[in-house]
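Values in this text are rule-based calculations from the coordinates and carry no lab data. As the structure is a computational prediction, the values presented were derived from the model and not from experiment. Cβ coordinates were reconstructed from backbone atoms using ideal geometry, including for glycine residues, and neighbour counts include every protein chain displayed.
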Amino acid sequence: MYREILSKLPSPVLFVRSGQPAITYANDAAARLFSHVHLAEYSMHDLLSTDGERQKFDSFLAAGDEAAEFSFGNASPFEDAQSGQSQDSERADANMKAVVVRSPVSEGIAYLIRPLDDEANGLGRFWQAVQFDPLTGLPNRELLRDRMDQAIRLASRLDEAFLGVLFVDLDRFKKINDTYGHAAGDAVLVEAAKRLRGCLRDSDTVARLGGDEFVVLLPNLRSTEDTSIVAERILDACAKPIEVGENVFQISASVGVAVWPNDGRNVDELLHNADMAMYTGKGEGRNTLRFYDAKMNEKARARATVEAELRDALRDGHFVLHYQPQFCARSGRIVGAEALIRWFHPTRGIIPPSSFIRVAEETNLIAPIGDWVLCEAVRQGRRWKDMGLDLRIAVNLSGRQFGDSLADRVKEVLNESSFPPELLELELTESFLVTDTEKAVRILSSLREIGVRVALDDFGTGWSSLNYLKNFPVDTLKIDRSFIGSTASEFDGRIVRAIIAIAREFNLTTLAEGVETEEQLAKLHELGCDSWQGYLLSGAIPAQELTEFCQLTEMAENRFSVQQRST
Ligand SMILES: Nc1nc2c(ncn2[C@@H]2O[C@H](COP(=O)(O)O[C@H]3[C@@H](O)[C@H](n4cnc5c(=O)[nH]c(N)nc54)O[C@@H]3COP(=O)(O)O)[C@@H](O)[C@H]2O)c(=O)[nH]1
């Protein structure tokens, strides 16, 4: 009962048990005063305002006096964030009376606190540091959680009240940080924080969780639609250019929304679901607004299962490569083979890459999987070479593999199998080249030095810029199957002709993919395409079948020549 009374006392009280460094107990008023910070993680020393006060406190403990008075709350052990100086000269925020308590149950010191400031102002810089993000001055995660918790309690007592939680993540922020340095990144964050604050009412909270992640709390909403009005305002505010020194940055934001009570009953669920909505939107493009729906959780669970199974597959050797033959248009001979991964799932059978490459990329499992593909394809190329088949092996790369260490790794893999570099062709898409052109030129040049070939996959679909061809050392343009079409009438002759003309101009070879009919092949030949692949003669097949296929085509010399077909 006494504990109950103590907890309800309007004055803040702390207690530290003898022999323990940290605060043992805080009554409700003290917890409120310190904004529900975990006081058990702090000692009384942490709370005292100056070195002088701390010395006085130590002497009090050493002397064994029954009571003493101290002031605390300001400089404490924390340095001034701007100057790095301690602030001993500044005023205290509270007075504290320390009283020794000796009872049969417990022995220690009780501290009775009398705040000098009003509670709403908090306890100066000490609590500022504990509850606010030092860069932007916004509430941090702890304070946000506390405010969300309070807002949920309040809304629970009201009829038809809603809370909106908006998870905001800046797009392209990492690139600014990496390219222009942390000072520029910090300036962008400060400006973004200011803009977010400007989109809200005083009673709303915007907190910075860390990095480029912010959360907006809209308490006591009358309608869930209000969240979209604020979210749209945030998207607009973030999409305006940000000037930092001489640079102008064009960023945007992705926003995910979860609404209490429909999308989560507590702080964790709301934050998790708003985050998931944001993440789903970001996956579909930038500058997006997504509202949480329960299916996102199902998708996330399914994704987590695939991720775990992919790890098992890599460990247990459940991936295999199939090879799709590539034909020379003039001779009709097989000149190469594209390695395409397949997953032999123990219960679900063969799973095509379209069902797992994206998860592998999102989880970065694509790095070890892609490395396995490279090694296995080169080993197979070596086996064919040993049989007298000089096939060029094409390997698809993920953007995640396209880094500064790529050339060294490729060299290592080629050396391990003594495989000629000119028989390896790495396929990449133009999207690899757009984010950091200097880096792309560096990587492609080191691949060129080794002597491996590079093909631009899906050429003409999306990012194409003739500048790439001028600046990037590549060897082959793969004409995307969407231009070849599935019937003769869908064959886009103008585009295919243009791609072939561009390739000639830049001294590159062309390879058409997705050739399914004789008519398409005849047209490609007419337009002067160098090589092709497609279901017309073969999809991707196991290595052994391709060996037999090559032997057969060798026997039927020139059987597949387009020249012969078209004449
Ligand atoms: N990073 C990696 N990506 C890989 C790897 N292996 C495959 N992939 C990528 O997955 C996508 C789907 O590949 P897949 O299901 O194997 O499909 C390939 C061919 O089977 C298919 N194809 C071939 N001929 C035809 C045809 O005549 N018609 C038709 N409709 N489809 C055909 O095309 C796919 C090959 O495409 P591309 O890579 O653009 O040449 C695909 O994007 C693969 O790139 C891997 O190891 N790593």
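Brief remarks on what is shown
- Filter on Lys175/Lys411; Lys385/Lys478; Lys299/Lys439; Lys240/Lys478; Lys175/Lys295 - keep pairs with C-alpha separation over 27 Å: Lys175/Lys411; Lys299/Lys439; Lys240/Lys478; Lys175/Lys295
- Cβ-defined net charge surrounding Asp458, 11 Å radius [Lys, Arg +1; Asp, Glu -1]: -3
- The alpha carbons of the chain stretch over 108, 52, 49 Å along the principal axes, in descending order.
- Taking every Cα-Cα distance in region 379-480 and sorting them into 5 Å bins starting at zero, the pair-distance distribution P(r) comes out as 2, 13, 24, 24, 17, 10, 6, 2, 0 percent.
- Simple spin-label estimate for Ile229 and Ala40 in nanometres, 7 Å along Cα-Cβ: 4.3
- Reported to the nearest whole Å, the Cα centre-to-centre distance from region 489-550 to region 192-231 is 53.
- Amide H to amide H, with H built 1.01 Å from N, Asp171 comes under 5 Å of Ser252, Ala253, Ser254, counting only residues 5 or more places away or on other chains.
- Net charge, Gly317 excluded, C-beta distance under 15 Å - Lys, Arg +1, Asp, Glu -1: -1
- Helix-only [θ]222 nm of the chain, DSSP H runs n ≥ 4, -39500 (n - 2.57) each, per residue, nearest 500: -13000 deg cm²/dmol
- Acute angle (nearest 10 degrees) that the helix 182-198 long axis makes with the longest principal axis of the chain, alpha-carbon atoms: 70
- Distance between the pseudo-spin-label points of Arg330 and Leu9 (7 Å out from Cα toward the beta carbon): 9.7 nm.
- If you take the Cα centroid of region 259-317 and the Cα centroid of region 417-439, the two points sit 32 Å apart.
- Value in Å of the Kirkwood radius, where region 141-293 supplies the Cα pairs that are averaged: 15.5
- Relative to the longest principal axis of the Cα atoms of the chain, the long axis of helix 141-157 makes an angle of roughly 80 degrees.
- For Leu536, net neighbour charge (Lys/Arg +1, Asp/Glu -1) across residues whose Cβ lies under 9 Å away: -2
- When you work out D = kT/(6 pi eta Rh) for region 255-345 at 4 °C and 1.567 mPa s, using the Kirkwood radius from C-alpha pairs as Rh and the Stokes-Einstein form, the result is 78 µm²/s.
- 0 to 90° range, to nearest 10: angle between helix 226-239 axis and the chain longest Cα axis: 70
- Straight-line cross-link reach from Lys97 at under 28 Å between alpha-carbon atoms covers these lysines, not counting any fewer than eight positions away in the same chain: Lys8, Lys56.
- Working note: Karplus 6.51/-1.76/1.60 with θ = phi - 60° gives region 513-522 the couplings 10, x, 7, 10, 10, 4, 4, 4, 5, 4 Hz, where Gly and Pro are set to x.
- Cα centroid of region 141-188 to Cα centroid of region 351-392, whole Å: 41
- Inter-label distance, Val190 to Lys175: 2.4 nm, where each label sits 7 Å from its Cα along the C-beta direction.
- Taken about its Cα centre, the chain carries a charge dipole of roughly 700 debye when the Cβ of each Lys and Arg holds +1 and the Cβ of each Asp and Glu holds -1.
- Taking amide H as placed 1.01 Å from N in the peptide plane, the amide H of Phe132 sits under 5 Å from that of Asn140, each at least 5 places away or on another chain.
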